[in-house]
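Notes to accompany the following structure.
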Amino acid sequence: MKRQKAEPKKTEATAFSFGDPEPVLQGGIYEYVGIWLLDNGRYYSTPVPLSGLARLLKANAYHGPILEFKVNMAMRGFRPSAALSRRDMHAVSTDYMVFANAYLQLARNWLGEVVRASHLPAINMRRMRDPERYGLLLPNGQFHEFEAGEVLHLKNYDVCQTIYGLPGYLGAIQSMLLNEDATLFRRRYYKNGAHVGYIFYSSSPALVPEEQEKIKKAVMESRGVGNFRNMFIHVPNGREKDIQILPVGDFSTKDELERIKNISRDDIIAAHRIPPAMASIIPTNTAGFGDITKVDAVYFRNEIVPIREVLLEVNEILPPALRVAFTDATPENQ
């Protein structure tokens, strides 16, 4: 009986698209989620997760150090008093730079005058339904409520709500995370060594299974320590293009690490409104960044003085004898 030859199965062309770009960290710390009453209406939620803002301090080499530098600039020349110590004001200044919120617990004498102002961690502070009352989230899950007027809240203004302040650098969070991702990708690239960046293709009939296993073993052993090694292959009576290396993506030279790092860095320092000369950036031109003394004077006047004015709001509730001040002269007058 003659066997009929099977007809080849017809296939149809297939096409697909990747869709529109979407944020990788959907619902991440950069997304404004609004203000809501939590715990049966006891206190308000924060507009963004404060723990996420705290973790962001260690995301790259610029964001955290810039905020620390701004704290040091603001604290320069601070004169403490018996009511507010330098340590407490430093903590208040740090909270204000990171979260745009800072809190002080006020202790009063029998006359009702404030005699002591102590720092409260902003990351755990919440505004209660009563505008004059605040609470503190404790590690054991409890919520400590302060009396009305016991807490002083220093904050900037947010156009979407008036409960909490909101830092102005949120628009650069994507750049901060991109800077971190670029560094992590390059570290993993060098540490791993076996990159899915090519297809090792062989069509030579002269390669017997034993030789194929040797080649496979040599490729597998190229990862880890001693990677990026060259490999010699000899195929007797081989033809042209019997063995081909088909690149999928040359990540070693085309990931543009330096360009990504520089662009994301510029976004970060722009969000903090800090001059490049004061952000420890090495100039790429011969002229540099100009006179650092003049840069410091302009930055001090335009950025640090307004921050100090917010911090000095504590004097509005302190008696004249217990008020704090900043005694250093402006850079242009030094």
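The values are calculated or read from the model by the stated rules, or taken from the named source; none is laboratory data. Keep in mind it's a predicted model, so treat the numbers as computed, not measured. For neighbour counting, all protein chains shown are included, and Cβ atoms are generated from backbone atoms with ideal geometry for every residue, glycine included.
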Within the range 86-98, is even one residue touching a residue at least 40 places away in the same chain (Cβ under 8 Å) and either more than 29 Å from ILE66 (Cβ to Cβ) or part of a loop (DSSP other than H, G, I, E, B) (or both)?
no
Between ALA172, ALA148, which is at pLDDT 75 or above and in contact with a Ser or Thr (Cβ under 9 Å, 6 or more places away or on another chain)?
ALA172
Those residues of the range 270-298 which are free of Cβ contacts under 8 Å to residues at least 40 places away in the same chain and among the hydroxyl-bearing types (Ser, Thr, Tyr), in sequence order
THR284, THR286, THR293
Residue under question is LEU154, and the condition is that it be in a strand (DSSP E or B), of a type outside the set (D, E, K, R) and either outside the structural domain of TYR299 (by TED's automatic domain parsing) or under 27 Å from the mean Cα position of the chain (by Cα) (or both); does it hold?
yes
Among the residues in the range 2-21, are any crowded, with 16+ Cβ neighbours inside 10 Å and either more than 30 Å from ASP130 (Cβ to Cβ) or at pLDDT below 85 (or both)?
no
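A quick yes/no check of all residues on (1) modelled with pLDDT under 95; (2) within 25 Å of VAL92 (Cβ to Cβ); (3) among the β-branched types (Val, Ile, Thr); (4) in a helix (DSSP H, G or I):
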residue: ARG273; (1), (2), (3), (4): yes, yes, no, no
residue: ILE282; (1), (2), (3), (4): yes, no, yes, no
residue: THR293; (1), (2), (3), (4): yes, no, yes, yes
residue: TYR299; (1), (2), (3), (4): yes, yes, no, yes
residue: ASN302; (1), (2), (3), (4): yes, yes, no, yes
residue: ARG308; (1), (2), (3), (4): no, yes, no, yes
What about PHE69, is it of a type outside the set (D, E, K, R) and farther than 20 Å from LEU166 by Cα?
no
Could you please let me know if ASN140 is assigned to a loop (DSSP other than H, G, I, E, B) and out of contact with any Pro (no Cβ under 6 Å at 6 or more places or on another chain)?
yes
Please enumerate the residues belonging to the range 99-129 that are at positive phi and either in contact (Cβ under 8 Å) with a residue 40 or more places away in the chain or acidic (Asp, Glu) (or both).
ALA100
Looking at the range 310-324 only, could you name the residues that are charged (D, E, K, R) and in a helix (DSSP H, G or I)?
GLU313, GLU316
